[in-house]
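Below is one structure, written out as structure tokens, with a few remarks after it.
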Amino acid sequence: MAKVGSVLVVGGGVAGIQASLDLSELGYKVYLIENNPSIGGIMGQLDKTFPTLDCSMCILAPKMVEVGRDPNIELITYSQVEKVEGQAGNFEVTLLKKARYIDADKCKACGICHEHCPVAVKDEYNMGLGIRTAIYTPFPQAVPSTYVVDKQTCLYLQDGICQICEKVCEVGAVDHNQKDEQVKINVGAIILAVGTDTFDPSILPQYGYGKIKNVVTSIEFEMPITLIIASVSISEINHCVRTISTGSRILECPISCMVKPEVNCDCIIIQISNIDCVIVVRNAPSSTRWNNCWIV
């Protein structure tokens, strides 16, 4: 069986992006597949990176743009791997490309459709702290910048009404008739860079996550800082800073590392892993931007 000189990178976070760029520099054809509408991963949700405290997006965005422009890298977003067959050196991979309901060749990312969409839902990329419409792009620096229609909240796709976005689009990029499609590619190697996700603390009900407003995860703690620094309109942020009043003190509590529940302790923080102690240290300078904001 002849070997195939191309590589599939699964996961469009910073690891997948860097792997793709390195492979391209070596002369390989690269297919970079990402489940979300844009590459970037969780790094784009961070404010600063440890230990230098450099701006996360300042590091990530140039790499994202480079991937989007690299002729050796074929970017396949809003897609997932369905099946892998073959052996090392020659794999046949079946991909499922989910319908964006937008013609990527026509979309100019002008945002007119977004401005006219009547639907407002919580923005999952910003941890529910802001709102987005049914037709959206995850964040301003998204690559590709092509908009996507959320099938679950679009009024036309759910109830057959509206289609305002299709009417206002000046280039006719909105296509509610798009369907999911399967694509097969042949590659010689596969790199898995699927990334990570935050721990779900709701499985430990004794710590009150989801019930006590000021009990948050590290990403939820950091997201308000990222949003405000990015000059996001405060009116678009829903309860940007989750706080609880304790006399004259206001406390923001990231769920990161365990402390003993002393009598006068304002908040209990959960031990997830050793790295979380580093996260607390990294977040400490950021927390000083808020008045009376403490990290225990």
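Numbers at a glance
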{"item": "Every residue from the range 92-123 that is farther than 14 Å from ALA142 by Cβ and among the acidic types (Asp, Glu)", "result": "GLU92, ASP103, ASP105, GLU115"}
{"item": "Selected residue (criterion: farthest from GLU34 (Cα to Cα)) from residues of the range 99-109 that are aliphatic (A, V, I, L, M) and buried (at least 17 other Cβ atoms within 10 Å of the Cβ)", "result": "ILE102"}
{"item": "Filter pass, LYS29 being at pLDDT 95 or above and under 25 Å from GLY188 (Cα atoms)", "result": "yes"}
{"item": "THR94, sole failed condition from (1) out of contact with any helix residue (DSSP H, G or I) (no Cβ under 9 Å at 6 or more places or on another chain); (2) at positive phi", "result": "(2)"}
{"item": "Residues of the range 120-160 classified as in contact with a strand residue (DSSP E or B) (Cβ under 9 Å, 6 or more places away or on another chain), touching a residue at least 40 places away in the same chain (Cβ under 8 Å) and not in a strand (DSSP E or B), total", "result": "13"}
{"item": "Residues within the range 115-133 that are surrounded by fewer than 17 Cβ atoms within 10 Å (Cβ to Cβ) and of a type outside the set (Gly, Ala, Ser), tallied", "result": "7"}
{"item": "Residue match in the range 87-98 (condition: surrounded by 14 or more Cβ atoms within 10 Å (Cβ to Cβ) and either touching a Pro at 6+ places or on another chain (Cβ under 8 Å) or aromatic (Phe, Trp, Tyr) (or both))", "result": "yes"}
{"item": "Enumeration of residues in the range 1-38 that are among the aliphatic types (A, V, I, L, M) and touching a strand residue (DSSP E or B) at 6+ places or on another chain (Cβ under 7 Å)", "result": "MET1, ALA2, VAL4, VAL7, LEU8, VAL9, VAL10, ALA19, LEU23, VAL30, LEU32, ILE33"}
{"item": "Count - residues of the range 21-54 that are closer than 18 Å to THR196 by Cα and of a type outside the set (A, V, I, L, M)", "result": "13"}
{"item": "Scan of the range 1-16 for residues that are of a type in the set (A, V, I, L, M, F, W, C) and either part of a strand (DSSP E or B) or closer than 25 Å to ASP103 by Cβ (or both), ordered by number", "result": "VAL7, LEU8, VAL9, VAL10"}
{"item": "Long-range neighbours under 8 Å by Cβ, at least six apart or interchain, first residue within 14 Å of LEU26 (Cα to Cα) within the range 65-78, second of a type in the set (Lys, Arg) and outside any loop (DSSP other than H, G, I, E, B)", "result": "ASN72/LYS29"}
{"item": "The range 30-45 residues that are of a type in the set (D, E, K, R), paired with ones that are in a loop (DSSP other than H, G, I, E, B) (beta carbon under 6 Å, 6 or more apart)", "result": "GLU34/GLY12; GLU34/THR77"}
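The values are calculated or read from the model by the stated rules, or taken from the named source; none is laboratory data. The structure presented is a predicted model; accordingly, all values stated were derived computationally and were not measured. Cβ atoms come from the backbone with ideal geometry, glycine included; neighbour counts cover every protein chain shown.
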